[in-house]
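Here is the structure we will look at.
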Amino acid sequence: MKLLSKNTYVEGILAGNIVILSQAITLLESSRRDHNELAREILDSVLPHTGNSFRIGVTGVPGVGKSTFIDAIGELLLENESRLAILAIDPSSQLTKGSILGDKTRMERLSGKKNVYIRPSAAGDTLGGVGRKTRETIMLCEAAGFNKIVVETVGVGQSEVAVHSMVDCFMLLLLPGAGDELQGIKRGIMEMADFIVLNKAYEDGQLSAKAKKAIQELQNALHYFPQKKLSWLTPVKAIDALAQVQIQELKEGLDSYWNHQIQHAYFGLRRKEQESFWFHETIKQELLSKFYSKPHIQAEMKKLEEAIAQGKVSSFKAADSLLNLE
């Protein structure tokens, strides 16, 4: 990729140029230091134009229909000439170069619309790497004029913690067999959810028996969780994204949630808490990166790994020895 000047990137992003925006995001995701430095300069320049979107995180177990759901709700998010950016955290992207292409084919309603931008957010080797790049990508999209941002995760796992810390609304999608799935979902993810959405809940236009049972079980489980700062009671919504059942009602619920945040001045508070979180996370990431990049650390690490494998030293003592080299 031919590098452009910082001003060219900044002007292009602020003008809503998708090609320039995509190139800037690629710089963010690059492992080259010069690319990262340029990306940070670009981000600093567009910073005054960020923070003005409604950010929605969507997660759920594999096969729950996240892409179909986003395709359905996305059309409604485009009302009043809104612009929608869809970012997908893709942990397999380092091998497959981005399985979001499959998601694009499933988002038939949105993929051809001029006010929609669909982009994978490549995963790094660590949770923090995923979150930092996605968060910065969100900010670039905001600077490009996208006022609705949807972040889609691949499944229920570690990345949800990072995504929750960068969105205004966190949605957990489940299937009607929720009784079994509750066993496999971390309590923390349930607690983070601002909406729990039961997809594929209708059969022949009617709420299925499995769905009714799942709704009751989920509502009962929510009573045991601490109350949110927002004084928002997490609703359980039953929909069928493919058949477009109850999608409009869910969109109205999102509008109600957004207005509730604004009314209680929680929008700004949550963003400030997130900024503080990422301030500390960035420090941790930079310290780790600088530590592991030092040649004498890398050399000693190989020796210690061999010693651990041979049972000559414990992993704890080895780690302590390596840290003392600093």
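Read-outs: derived from the displayed coordinates by stated rules, not from any lab. Quick caveat: nothing in here was measured; it's all calculated off a predicted structure. No Cβ is skipped: glycine too gets one built from the backbone with ideal geometry, and neighbour counts run over all protein chains shown.
This ranking places ARG109, ARG40 by how few other beta-carbon atoms lie within 10 Å of each, fewest first, which gives ARG40, ARG109. The relative contact order of the chain comes to 18 percent, based on Cα pairs under 8 Å that sit 6 or more residues apart.
The spread of Cα positions in the chain, taken along each principal axis and listed from longest to shortest, comes to 65, 52, 39 Å. Take 142-153, 216-227, 248-259 and order them by the average number of nearby Cβ atoms within 10 Å per residue, most first; the result is 142-153, 248-259, 216-227.
Which percentage, to the nearest 5, of the DSSP beta bridges contained in segment 167-320 is antiparallel?
Numbers: 3 of 10 bridges.
Around 30 percent antiparallel, to the nearest 5.
Spin-label model, GLU252/SER276: points 7 Å from Cα along the beta carbon direction are separated by 3.7 nm.
The protection proxy used here, the mean number of other Cβ atoms lying within 10 Å of each residue, ranks peptides 134-140, 9-15, 319-325, 77-83 as follows, highest first: 134-140, 9-15, 77-83, 319-325. Over segment 196-326, with a single point scatterer placed on each C-alpha, what log10 of the ratio I(q)/I(0) does the Debye formula yield at q = 0.10, 0.19 1/Å? Log10 of I(q)/I(0), two decimals: -0.67, -1.11.
In terms of packing, defined here as the mean over residues of other Cβ atoms within 10 angstrom, the peptides 31-37, 160-166, 60-66 line up highest first as 160-166, 60-66, 31-37.
Across every direction, the projection of the convex hull enclosing the Cα atoms of segment 279-324 has a mean area of 3.4 nm². In the chain, helices alone account for a calculated mean residue ellipticity at 222 nm of -16500 deg cm²/dmol, with every DSSP H run of four or more residues adding -39,500 (n - 2.57).
Sort all Cα-Cα distances of segment 1-49 into consecutive 5 angstrom bins from zero, then give the percent of pairs in each bin up to the one containing the longest distance. Values per bin, smallest distances first: 5, 25, 38, 24, 7, 1.
Can you pick out the pairs among LYS133/LYS290; LYS229/LYS272; LYS66/LYS251; LYS6/LYS148 whose Cα atoms lie more than 23 Å from each other? Violating the 23 Å limit, Cα to Cα: LYS6/LYS148.
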